[in-house]
Amino acid sequence: MDRLINELLETYLGQIIDKSRDELILADEICQRDQADLGKLEEQYAALELSETEKLLINKYISCIETIAHRNADLSYIAGVRDTVRLLRSLDLLRGLE
């Protein structure tokens, strides 16, 4: 069963996550407000008198945080799907999947 789940996750889940998450983000008011705030903060950041070295370090730092957050979100989604399949199987609601 774990092999089947892993194959499904590797083959299809990336596309499903992106589509599902994008739909939710576009409909979520909090995300929309955060996006607007981000735009304002980016303008303020660009106006700072920082050296190129300082900006590069800050950009790398932000990029690293974003990469970790995105990976954690994907892994959380995968864990939820995996747990759901295992629960349905334990309740004998998924038959013939071995």
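The values are calculated or read from the model by the stated rules, or taken from the named source; none is laboratory data. This is a predicted model, so every value here is computed, not measured. Because the Cβ atoms are built from the backbone with ideal geometry, glycine has one as well, and the counts that use them run over all protein chains shown. Just the protein is used for accessible areas: all its heavy atoms, side chains included, with ligands, DNA and RNA removed. Shrake-Rupley method; radii C 1.70, N 1.55, O 1.52, S 1.80 Å.
Filtering ARG21, ARG82, ARG3 for residues that are modelled with pLDDT under 95, among the basic types (Lys, Arg) and open to solvent by 80 Å² or more (accessible area, probe 1.4 Å) leaves a single hit, ARG3. Here ARG89 does not qualify as in contact (Cβ under 8 Å) with a residue 12 or more places away in the chain, open to solvent by less than 70 Å² (accessible area, probe 1.4 Å) and of a type in the set (Lys, Arg).
The condition (being aromatic (Phe, Trp, Tyr), touching a Lys or Arg at 6+ places or on another chain (Cβ under 8 Å) and either part of a helix (DSSP H, G or I) or surrounded by fewer than 10 Cβ atoms within 10 Å (Cβ to Cβ) (or both)) is satisfied by just one residue among TYR61, TYR77, TYR45: TYR77.
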